[in-house]
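Here's the structure, in structure tokens; my notes come after.
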Amino acid sequence: MKTFSLIFALLLMAANAWAIDTNHLPTPALQARYETLTHQFRCLVCQDEDIYTSNADLAVQLRDKVRDMLVAGKTNQQIIDYMVDRYGNFVLYKPPVEGNTLLLWFGPFALLLIALGGVARIVRRRSAMTTDDVPERP
């Protein structure tokens with residue numbers, strides 16, 4: 001059983017190593033830009049990983065496209081604009097605050113406020129109850 005656990009753990013660690021992009025660009029500056037950009041784009045298949053660490057086929061294609069555009073001399077903003085034009089704001093890990101992303105940006109805060117309001121209401125009701133108002137338990 002220990003051998004099986006060890007093999008399984010090694011396979012899990014190896015899977016992470018396979019997902020890392022090992023193709024390097026000719027200059028360190030281009031490589032740094034490449035890594036920065038590929039960490040900004042969401043994998044459209046995995047959705048919880050960036051394209052730099054994802055091993056999905058689409059992520060590999062997107063990394064290749066970013067690499068090609070960098071080598072072609074495109075700026076970071078041109079690459080971001082291309083990805084957004086092609087895949088929408090969903091491809092960005094930090095989409096801009098716009099009308100169609102307001103719920104994405106402010107929805108969690110609204111839910112938190114609603115939950116805190118509910119808790120405050122329950123606490124006020126219970127503190128306003130006297131001991132005569134408390135129903136007896138059977």
Exercise for the section: Straight distance only, please: which lysines reach the Cα of Lys65 with their own Cα at less than 30 Å, same-chain residues fewer than 8 apart left out? Expected result: Lys74, Lys94
Completion exercise
Cα extents of the range 76-122 per principal axis, largest first, Å, are 52, 16, 12
Fill in the blank from the handout: Expressed in angstrom and ordered largest first, the alpha-carbon extents of the range 48-99 along the principal axes are 34, 26, 15
Fill in the blank from the handout: Rg from C-alpha atoms of the range 40-135, normalised by the globular rule of thumb 2.2 N^0.38 Å, equals 1.85
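Readers should treat all values here as calculations from the given coordinates under stated rules, not as data from a laboratory. It should be emphasised that the depicted structure is a prediction, and the values quoted were computed from it without experimental measurement.
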